[in-house]
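Chemist: There's a structure below that I have some questions on.
The values are calculated or read from the model by the stated rules, or taken from the named source; none is laboratory data. Quick caveat, the model's predicted, so the values are computed rather than measured. All Cβ positions, even for glycine, are placed from backbone atoms using ideal geometry, and neighbour counts span all protein chains on display.
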Amino acid sequence: MSTFKPGWKPRSEMGVLNKPHPRVDGPAKVTGKARYAHDIRMPGMLYARLLCCPHPSAVAKLDFAPAMAVEGVIDAIALEPSETRFLGQPVAAVAAESPEAAEDGLRAIKVEWEHLDWALTPEQAEAEDAPQLSTRGPNARTARESGDLEATRAALESADFVVESTYRIPVQHHVCLETHGHVIDFDGENATVYASSQAVFAVRAEVADALGLPVDKVHVRVDYMGGGFGSKFGIGVEGAAACELAKRNKRPIHLMLTRRDEFLMAGNRSGAKKTLKGGATKDGKFIALETVTHRHGGFGAGSNSPQPYIYNVETFHTLDRFVLTNTDAGRAMRAPGHPQASFAIESMVDELAYGMGFDPVEFRIRNLEDPVYHRQLKRVAQEIGWYEHPNRTSSAPVNGGLNVGIGFGLSVWGGGGNPSRVRATTRIEADGSVSITNGVQDLGTGSRTLLTLIVAEEFNLQPKQVTARIGHSDMGASVGSGGSVTTASISPAIKDSAENAKRAFFERLAPIMEREADQLMMGPGGEVRAVDDATRKLSWREACSILGADAIEETGSGRPELAGNGVHGVQGARVEVDTQTGRYRVKKMVCVQDCGLPLNHKTIKSQMNGGMVGTLSFGMLEERLLDPWLGTAMNADLENYKVAHSMEIPEMVSIIDEDDTRQQVIGMAEPTGIPGHSAIANAIYNACGVRLHTMPFTPDKVLMGLLENA
Amino acid sequence: MSQSQNGGEASGVTRRGFLKGAGVAAGGLAATGTMAGEALAAQAEGDVTRLSGKIKLELRVNGDKQKVEVEPRTTLLSALRHRVEPALTGTKIVCDHGNCGACTVLMDGEPVCSCITLAVQAEGREIRTVEGLADGDRLSPLQEAFVEHDAMMCGFCTPGFLMSLTGCLEKNPQASETEIRSACAGNTCRCGTYPNVFAAAKSAGERMSKGGGK
């Protein structure tokens, strides 16, 4: 019945989608009614806290007796293994009647730490006398190698202009405002879990495993969650500890990390040192690139997107290595590996362009085959004021005043989904109410809202007439929200369920309307009418009233043709540098982003703002600091780990690239978080001739550069 | 961060005075209603002891009187989230160090970080939390503008921003963008909704100055 499976309507015919809509859970979020895992309260609930190792590597000998003597402390357990491999690794957990008592209990634990050899920084880990941190191999290892080294070196020899630079990217933190954690309510047979998670169904599987239950006895809820950014997929040590405490005490356990725990043990974006040697010909062709990357992913391998990243460089070689240290393993974070790759290549491209006297926009266009980048670059250049800018082929002369500079950066992402893994259900009741149900979580991206919009479009209803039910593992299967796959995964299944419900509805209405089901259609305001006779119609309420207690309930899944894959994105930044002090302000940022068919303009633009703010913060401020001599963390708190606030925020222009006419839904969150800091670094160079090779771009680095150039 | 957010002089309880007052409570006097007064009296008498044990307080939150039992170290944030019944969990715990503003409440109309304000300091004050902004189902102009302008994503910072900006706009609905930015300079949003927050506050201020809300 092809008439019932028509795909997305043409954009011009859409009444709901492809327009801006406020999020449906806005009122809950502005009144404090939205309940996050942190906010769950239950009779008899215990508050738990973790004891995190204050040393890079040690064996913990724990005496819980003093902790158990603290008023309000109910239980204390040791966590495996007792031998820690990273600074901040949890070794014990305490459960108590109040959060304060749990903290008292932690402090009271008598711990003897037997110190083991450690290496906290990559330099320490690569030193000759460094301890071997893993039994699986040396501290520094090759992750992958690609390209032709000999040909690359020969091409570099033949190039008219060559630049070699080393770029340093620090470890950054996710800083989810809601720390990681769960409330586990386990009665011995069933467990209800309130999780701050990006993956409802992954949590269910892991909790079932930890509690020794079949998955159908575990009920996971993520009604609201306070930010994940890639760090909240599994239950982690904290979830396993909460399960163990719940089993032992037969009382609900509320275990949310403290802010310090969050910094030390709940993930980070891996840092990197990247040495690039790039060569170009005098006609502006980027012909050769040799790259050596050292990823700094703590006790993990870290992430890296390989060079030459987006650019079409004929001959290249990349050697991608990682260095283990006694710090928490990196996790996925807002386009894993991409912001690091972006900073190195966008800086290199600019260094080549300015070095040869090219306009960096023109130089980019010459080295990008994909025309989408050409159009997006030109659009951003126009919006940011590049074409009126006086210094387009060299940096501005420095004379001690305020200098304006402009820079650019590009993104690339997949954004496709797995619609076949999603089952959504549309219900239509006799009173006209409509609901759409799927287990997916909403991280703040607006997925809850999206469900209502897609169904409203199908029936020509107002979005507020549709109720979305999400965030529960007892609902239809859904995907974890990583890789910006959510929109492209759930939208087709939701649409499919709505189409199925419409078809079932029309079949029920057919005898009354005296037409075949496929001769019925939706009219304005949800009226149902005959295709051949607009006067033969029922209002939505009239039509629904025939359903009685036998509501329409139809499931949908799959429909991969409704989603696409592959997005671009360009950003520009305009800065104003005080060439006497090195202080600067980002005055304006522009993002042009394609995303296939844009379903909700408002939440898409919010994502773009969020991506730009994230990279601005990353570029200007963020850096994990460790003390390599004492083996301690220096800024595991929000006082000393700086993130962007209201005063750093520039004018922001977020533009959906409507020249992308694909009638397919594609995720677009992550690409917007890739290139902003690269654009800022390039803008600082353009303003004052200071090339920053090390993030973050603090004013002292700009000032040192100004002094060196003077 | 204003002085009142640090629980300094502006809050009416000096640090010295608090320690003295603590002595009175520990001495067996029920510390209900006049903690600050007793603290000052104790200070005058030169009595120096520390407050300890459980203290019964009455907090005035969103117009309701709430009897709670706290410890001297219990923060106002913890009292709201863990001691008040039913728990007022709209006010969020994020940094617990006064760095991020997520726990902002209004104390006698002034924004304070409730994570670095002791519950005993809040006695006798009028506390307003995010739960007290709407009039029944009717959202305040600022809440409404937050929804319209999509000034939130995950929503975890939202209560803190709303309280900081309510404090600002109720005093000066015609606040400029610079004043709006400065009023929420102590609030962290990690999703990056700032541009929409500024736009929402500006539009709510305009509505409020036309008399469209309190």
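Chemist: I'm trying to understand the selection: among the residues of region B:125-145, which are under 18 Å from A:Arg23 (Cα atoms) and outside any loop (DSSP other than H, G, I, E, B)?
Modeler: If the condition is that a residue be under 18 Å from A:Arg23 (Cα atoms) and outside any loop (DSSP other than H, G, I, E, B), then B:Arg138, B:Pro141, B:Leu142, B:Gln143, B:Glu144, B:Ala145 are the ones that fit.
Chemist: Sticking with this one: In region B:170-188, how many are away from chain A (no Cβ under 14 Å) and either under 28 Å from A:Met225 (Cβ atoms) or not acidic (Asp, Glu) (or both)?
Modeler: 4
Chemist: To continue, here is another question. Taking region A:387-418, which residues are crowded, with 22+ Cβ neighbours inside 10 Å and closer than 18 Å to A:Tyr354 by Cα?
Modeler: A:Asn403, A:Gly405, A:Ile406, A:Gly407, A:Phe408, A:Gly409, A:Leu410
Chemist: Say we look at region B:135-170 and pick out the residues that are under 16 Å from the mean Cα position of the chain (by Cα) and surrounded by fewer than 23 Cβ atoms within 10 Å (Cβ to Cβ); which of these is nearest to B:Leu80 (Cα to Cα)?
Modeler: Within region B:135-170, the match that is nearest to B:Leu80 (Cα to Cα) is B:Gly167.
Chemist: Which residues, counting only those in region A:673-710, are assigned to a helix (DSSP H, G or I), charged (D, E, K, R) and more than 18 Å from A:Arg624 (Cα to Cα)?
Modeler: Listed by number, the list holds a single entry, A:Glu708.
Chemist: Restricting the search to region A:288-314, which residues are surrounded by 20 or more Cβ atoms within 10 Å (Cβ to Cβ), more than 26 Å from the chain's Cα centre (by Cα) and under 18 Å from A:Met356 (Cβ atoms)?
Modeler: A:Ala288, A:Leu289, A:Val313
Chemist: Does A:Phe358 satisfy the condition of being among the aromatic types (Phe, Trp, Tyr), part of a strand (DSSP E or B) and either at pLDDT 95 or above or surrounded by fewer than 17 Cβ atoms within 10 Å (Cβ to Cβ) (or both)?
Modeler: Answer is no for this residue.
Chemist: Sticking with this one: Would you pick out the residues in region A:609-636 that are more than 9 Å from chain B (Cβ to nearest Cβ) and in a helix (DSSP H, G or I)?
Modeler: Matches in region A:609-636: A:Thr615, A:Phe618, A:Gly619, A:Met620.
Chemist: Quickly run through region A:579-608 and pick out the residues that are within 12 Å of chain B (Cβ to nearest Cβ) and assigned to a strand (DSSP E or B).
Modeler: Matches in region A:579-608: A:Lys588, A:Met589, A:Cys591, A:Asn600.
Chemist: In the set A:Gly526, A:Gly471, A:Gly476, which member is more than 25 Å from A:Phe201 (Cα to Cα) and in contact with a Gly (Cβ under 9 Å, 6 or more places away or on another chain)?
Modeler: A:Gly526
Chemist: Take the residues in region A:250-287 that are basic (Lys, Arg) and surrounded by fewer than 24 Cβ atoms within 10 Å (Cβ to Cβ); name whichever of them is nearest to A:Met42 (Cα to Cα).
Modeler: The residue in question is A:Arg251.
Chemist: Can you work out which of the residues in region A:423-463 that are among the hydroxyl-bearing types (Ser, Thr, Tyr) and in contact with a helix residue (DSSP H, G or I) (Cβ under 7 Å, 6 or more places away or on another chain) is nearest to the other protein chains (Cβ to nearest Cβ)?
Modeler: Going through the qualifying residues, I end up with A:Thr445.
Chemist: Go over the candidates A:Ala498, A:Ala543 one by one and state the one that is in contact (Cβ under 8 Å) with a residue 24 or more places away in the chain and over 41 Å from the mean Cα position of the chain (by Cα).
Modeler: Going through A:Ala498, A:Ala543 in turn, just one is in contact (Cβ under 8 Å) with a residue 24 or more places away in the chain and over 41 Å from the mean Cα position of the chain (by Cα): A:Ala543.
Chemist: For region A:637-669, name all the residues that are in contact (Cβ under 8 Å) with a residue 12 or more places away in the chain, within 11 Å of chain B (Cβ to nearest Cβ) and part of a loop (DSSP other than H, G, I, E, B).
Modeler: Once the filter is applied, which keeps residues that are in contact (Cβ under 8 Å) with a residue 12 or more places away in the chain, within 11 Å of chain B (Cβ to nearest Cβ) and part of a loop (DSSP other than H, G, I, E, B), region A:637-669 yields A:Asp637, A:Leu638, A:Asn640, A:Tyr641, A:Lys642, A:Val643, A:Ala644, A:Ile649, A:Pro650, A:Ala669.
Chemist: Related question: Using the structure shown, decide if A:Ile674 is surrounded by fewer than 24 Cβ atoms within 10 Å (Cβ to Cβ), more than 10 Å from chain B (Cβ to nearest Cβ), out of contact with any strand residue (DSSP E or B) (no Cβ under 6 Å at 6 or more places or on another chain) and touching a residue at least 40 places away in the same chain (Cβ under 8 Å).
Modeler: no
Chemist: Also, I was wondering about something else. Can you find a residue that is in contact (Cβ under 8 Å) with a residue 60 or more places away in the chain and touching a Phe, Trp or Tyr at 6+ places or on another chain (Cβ under 7 Å) anywhere in region B:70-90?
Modeler: no
Chemist: Among the residues of region A:219-249, what is the count of those that are away from chain B (no Cβ under 14 Å) and in contact with a strand residue (DSSP E or B) (Cβ under 8 Å, 6 or more places away or on another chain)?
Modeler: Total meeting the criteria: 16.
Chemist: Somewhere in region A:142-153, is a residue under 30 Å from A:Thr121 (Cα atoms), hydrophobic (A, V, I, L, M, F, W, C) and surrounded by fewer than 23 Cβ atoms within 10 Å (Cβ to Cβ)?
Modeler: Yes, region A:142-153 contains a residue that is under 30 Å from A:Thr121 (Cα atoms), hydrophobic (A, V, I, L, M, F, W, C) and surrounded by fewer than 23 Cβ atoms within 10 Å (Cβ to Cβ).
Chemist: Taking region A:20-58 as the search range and keeping residues that are crowded, with 24+ Cβ neighbours inside 10 Å and among the basic types (Lys, Arg), which one is farthest from A:Ile470 (Cα to Cα)?
Modeler: A:Arg49
Chemist: What's the number of the only condition in (1) surrounded by 24 or more Cβ atoms within 10 Å (Cβ to Cβ); (2) within 12 Å of A:Ser473 (Cβ to Cβ) that A:Met225 fails to meet?
Modeler: Here A:Met225 meets the rest and fails (2).
Chemist: Can you work out which of the residues in region A:584-634 that are in contact with an Asp or Glu (Cβ under 8 Å, 6 or more places away or on another chain) and hydroxyl-bearing (Ser, Thr, Tyr) is surrounded by the most Cβ atoms within 10 Å (Cβ to Cβ)?
Modeler: The extreme case among them is A:Ser606.
Chemist: Mind listing just one residue for me: the one in region B:90-128 that is among the β-branched types (Val, Ile, Thr) and within 17 Å of A:Gly226 (Cβ to Cβ) and, of those, nearest to the other protein chains (Cβ to nearest Cβ)?
Modeler: Applying the filter and picking the extreme gives B:Val94.
Chemist: Sort out which residues of region A:141-180 are among the hydrophobic types (A, V, I, L, M, F, W, C) and within 14 Å of chain B (Cβ to nearest Cβ), and write them in order of number.
Modeler: A:Val175, A:Cys176, A:Leu177
Chemist: Only residues in region B:189-201 that are more than 7 Å from chain A (Cβ to nearest Cβ) count as the first member; pair them with residues that are surrounded by fewer than 24 Cβ atoms within 10 Å (Cβ to Cβ) and in a helix (DSSP H, G or I), Cβ under 6 angstrom, at least 6 apart or cross-chain, and list the lot.
Modeler: Listed by first residue and then by second, the contacts come to B:Phe198/B:Glu177.
Chemist: Next question. Residues of region B:146-161 being farther than 14 Å from A:Asp39 by Cα and either more than 7 Å from chain A (Cβ to nearest Cβ) or not in a loop (DSSP other than H, G, I, E, B) (or both), which ones?
Modeler: Answer for region B:146-161, where residues must be farther than 14 Å from A:Asp39 by Cα and either more than 7 Å from chain A (Cβ to nearest Cβ) or not in a loop (DSSP other than H, G, I, E, B) (or both): B:Phe146, B:Val147, B:Glu148, B:His149, B:Ala151, B:Thr158, B:Gly160, B:Phe161.
Chemist: Another question, then. So how many residues does region A:529-568 have that are among the aliphatic types (A, V, I, L, M) and part of a loop (DSSP other than H, G, I, E, B)?
Modeler: 5
Chemist: OK, next. Regarding A:Glu103, is this residue farther than 23 Å from A:Tyr224 by Cβ, part of a loop (DSSP other than H, G, I, E, B), of a type outside the set (A, V, I, L, M, F, W, C) and modelled with pLDDT of 95 or more?
Modeler: When the stated conditions are applied, A:Glu103 does not pass them.
Chemist: Residue by residue through region B:67-124, note down the ones that are assigned to a strand (DSSP E or B) and among the polar types (S, T, N, Q).
Modeler: B:Thr75, B:Thr104
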